Amino acid sequence: MNDEDRTSLSWGSAAWARATRETPDRTLLADARDGSAFSVRDADELSRRGVALLDRWGLSAGDRVLVVAAAEVETIIVLWGALRLGVSVVLLHPDAPQQQIRAVAEQSGAAVVLLAKPDPTLPHAAVLCSEEMSEALAEIDAAPSPPEPDPGAEAAILFSSGSTGPARGVRLSRRGLTDGLYRLASAMMPAPGRRDGIPALLHTITGLRMILLAPLALGTTSVLLPPYASTSEILAAAGRERVLELHAGPGLLRACCRVPSRMRALAPSLRSVIIGGGKLSSDERRAFAVGMGVRLAHTYGLTETGGACSAVVVQPDGTGGSGMGRPLCPVRIVRADGALASPGEEGRVLVSPDVPMMGYLDGKAPAEHSGRAWVDTGDLGALSSDGALSVLGRAARTFTTPSGEKVTLADLEALLREVAGVEVVAAVIRPPRRAALIGALVERDSISEVWLARTRAALRARLPAHAIPSLWAAQSPLPRLPSGKLNLVAAQEHLEATA
C-alpha cells in the first residue's frame, strides 16, 4: 500500500465508481445471521439510497448524525451514505444510558439521531429507530452520486467507553480513518477477495473500519456475525460463511484456548485472527495460535489514534515477536521527568499517527511536539534497542472487559463517591475459574439490599453495564497506610476474600 493510495482514498464517489466499474459483482457485505449478501453494485445503489434518506432529513456535507445502533445492515447502509455525502457520524454504544445519549446529542449538535429503540424525549429533527430504516430505504429512490467529500474533513466522532461518566468524543477525519485501516492492514494484509469475519459492534473502531471501509479499500468482504453470541456460535457462523480472517476481542481467544480442537473444527476455513482491546501474555498468544492453527495479530491502539499503533504477529507454529511487536506509527517513551527514555527504560507511551486526530469534541487537541501531534496512551512501556515496543501496564489502574472496553478505576471511584456518598475503593478481582470482575469496597458497617439497589440504579443512569461493580463489600474504616492514604492492596485482599 503506497502513500498515494492512502491519500487518494477519501471514501467519496470516486472510490465507489471505481469499485462499481472494476468489480461490480464481488460480494461487499454478507450477513451470516440471515444469509443475505450484497454485491458492490448492490451496495452502490443502497448507499445512494442512504444518501437520499440523509438528504430527506435535511443533512448535507459537514452536518452530523448520531448513531446509537448495532451492526444491522440498514444501519450500515445509512453510514455508507454518510461517508459518501460527507456527513460526520457520531457513534455511541447501543446500550449507552439515555442520559449519555442526550448529553452527546446536545454536545455534538447532531440534528438526526438513529436509535436501536425509539426515545420520544429526544428533541431532534428526526429520530428513526432501526426497525423503521428498512421501510424507509425500500421506498426511497437512490440519489445520484454526490460530489467527492474533502478527505481532510471530519468523518466520525468516536467515544471512549463512557465508563467513568460522559464519554469523551474523538474527532477523526476521513483520511485519519483510512490511515488507521492501512496500519492494521500492514500488520496482516488480507488477500484480495477474502472475507473478514467481524463480530464487532459499530461503536468500536474495529467495527467502523472493517465493516464500512475495508471491503471497498482492501477488496475484502465484510461478514456480519452475531455480536452477542457465544464463542462457539461465532465460530460456527464463521465456518458456514467460510470466513478466512476473524476480528475479535481477548474473550474469544481465551475461550478458544480452553478447547482449541473443538473450536477449530467449527471454523476450518479460518486462517488468521486479529485480536484487539486487551492485554494478552506471550503464553496466551502462543497457545491460541498453535492450538487453533492460525496466524494471530495482537494489536495495540486507542480511539484517539484511529486504530492500531502496534501489532505483534504469532505464526501457527508459535513463532513470532514478543511484547507488542514493532510500532506501526511513531512511538516515544517519556520518563516521569519529561525527558525521552533510553532504549529499555520505562516511561509513559506516547503515539503519533501520520494522520492525527482532529481533536476532541470539547475542543481540546493533542499535544504538539517537534511538529507532530502526540497522544498520551496512559500506559507504561519501553522500546528495545531494535525498536520493539513492550507495554508494561497502565499508568493508572484500569480494568479491561473481554470485549475490550476499559474502565479507569480511579475515575470510577470518584463517581462512586459522588453517587454513594461514602469513601470507596474499586479493584479488579480474579476469582479462581471465573472471569475477572470489578469489586467495590465501601466505607460502611454493612450493605443493605435497599442501599445496594438504590446505588446500582443511580449508577445505571451514569454508566454502561460493564463499568458497574459486580462485587460489593463493606468495611469501616477502610484500610489505610501510615501516611493516611488508602491501602489499595489491603482493600483488594478484603474484596478477594469476600469473592
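Read-outs: derived from the displayed coordinates by stated rules, not from any lab. Source: prediction; values computed, not measured. Positions of Cβ are backbone-derived with ideal geometry, glycine not excepted, and every protein chain shown enters the neighbour counts.
Fully extended, how many nm does the chain gain between R240 and K117 (0.36 nm per residue separation, minus their Cα-Cα distance)?
Length difference between fully extended and current span is 41.3 nm.
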Note to self: Can you give me the distance in nm between label points at A61 and S448, each placed 7 Å from the Cα along the Cα-to-Cβ direction?
What the structure shows: 6.3 nm
Next item on the list: Return the calculated 222 nm mean residue ellipticity for the chain, to the nearest 500 deg cm²/dmol, obtained by summing -39500 (n - 2.57) across DSSP H runs with n ≥ 4 and dividing by the residue count.
Entry: -9500 deg cm²/dmol
Next item on the list: Any chance you could give the angle, 0 to 90 degrees and rounded to 10, that helix 174-187 forms with the longest Cα principal axis of the chain?
Entry: 70 degrees
Next item on the list: Pull up the DSSP beta bridges for segment 13-147 and report the antiparallel fraction as a percent, rounded to 5.
Entry: 20 percent
Next item on the list: Hey, can you grab everything whose amide H is under 5 Å from the amide H of L361? Only 5+ residues off in sequence or another chain; H modelled, so Pro and N-termini drop out.
Entry: G169, V170, R171
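Mean separation of Cα pairs under 8 Å and 6+ residues apart, divided by the residue count of the chain: what relative contact order is that in percent?
After rounding, I find 12 percent.
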Note to self: If you fit an axis through the alpha-carbon atoms of helix 488-498 and take the longest principal axis of the Cα set of the chain, what angle between them do you get, 0 to 90°, nearest 10?
What the structure shows: 90 degrees
Notebook entry, point to check: Once the Cα gyration tensor of the chain is found, what semi-axes does its equivalent ellipsoid get, as square roots of 5 times the eigenvalues, in whole Å, sorted largest first?
Noted result: 36, 28, 23
Check: Out of residues 5 or more away from A71 or on other chains, whose amide H comes under 5 Å of its own, with H placed 1.01 Å from N in the peptide plane?
Finding: L202
Next item on the list: Could you list which residues have their amide H under 5 Å from that of G320, counting only those 5 or more apart in sequence or on another chain, with H placed in the peptide plane?
Entry: Q315
Notebook entry, point to check: Between S342, A142, P432, whose Cα lies farthest towards the positive end of the dipole of the chain when Lys and Arg beta carbons carry +1 and Asp and Glu beta carbons carry -1, centred on the Cα centre?
Noted result: P432
Note to self: I need the trypsin sites (Lys or Arg not before Pro) found in segment 361-434, filtered to DSSP loop residues with at most 16 other beta carbons within 10 Å of theirs.
What the structure shows: K364, R433, R434
Next item on the list: Please check which bits of segment 405-447 a label hung off E496 would reach, taking the label as a point 7 Å along Cα-to-C-beta and the cut-off as backbone N under 20 Å.
Entry: 409-410, 425-442
Margin query: Could you tell me the center-to-center distance, by alpha carbons, between segment 445-470 and segment 101-119 in angstrom?
Written below: 26 Å
Next item on the list: Treating the angle as unsigned and between 0 and 90°, give the value, to the nearest 10°, between the Cα long axis of helix 13-22 and the longest Cα principal axis of the chain.
Entry: 60 degrees
